[in-house]
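Presented below is the structure to which this report refers.
The values are calculated or read from the model by the stated rules, or taken from the named source; none is laboratory data. What you see is a predicted model, and the numbers here were worked out from it, not measured in a lab. Ideal geometry is used to build each Cβ from the backbone, glycine not excepted, and the neighbour counts take in all protein chains shown.
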Amino acid sequence: MVEAIKKIKQAEEEGKRIIEEAKLRAKEIVQEAEYLGEKTYDKLLEAKRDEGEAIKEWKRKEGNTAARLILQNGKKQTEKIKETAEKNVSITIDYIIERIVMKNGHR
């Protein structure tokens, strides 16, 4: 009977030791999971930051291209207006000269 009590006490002590080891291992697993989670989060955050910068750069270039096209188109339209204005100046001058001549009696 004493032998049985010793075996029960040994089994209890072994059980306590196993439980303590399991608690310690569980704590280590949780810490490792937290560490890996943080690393994964940091990598994802960095990847999304890089992706955002790439999109921003792409949109900046796209905007610059559009602005260049708008400026080129504006310059072409300005030249057309200028040409039309220059033609109209000649016509206007001729008209004014004709009116002055007619008014002064030189028909």
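Key figures
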{"read-out": "Selection status of ILE97, modelled with pLDDT of 95 or more, surrounded by 10 or more Cβ atoms within 10 Å (Cβ to Cβ) and among the hydrophobic types (A, V, I, L, M, F, W, C)", "value": "no"}
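Each row is one residue, and each column tells you yes or no for (1) more than 55 Å from the chain's Cα centre (by Cα); (2) at pLDDT 95 or above; (3) not charged (D, E, K, R).
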| position | (1), (2), (3) |
| --- | --- |
| LYS7 | yes, no, no |
| GLU13 | yes, no, no |
| ALA22 | no, yes, yes |
| VAL30 | no, yes, yes |
| GLY37 | no, yes, yes |
| ALA47 | no, yes, yes |
| GLU53 | no, yes, no |
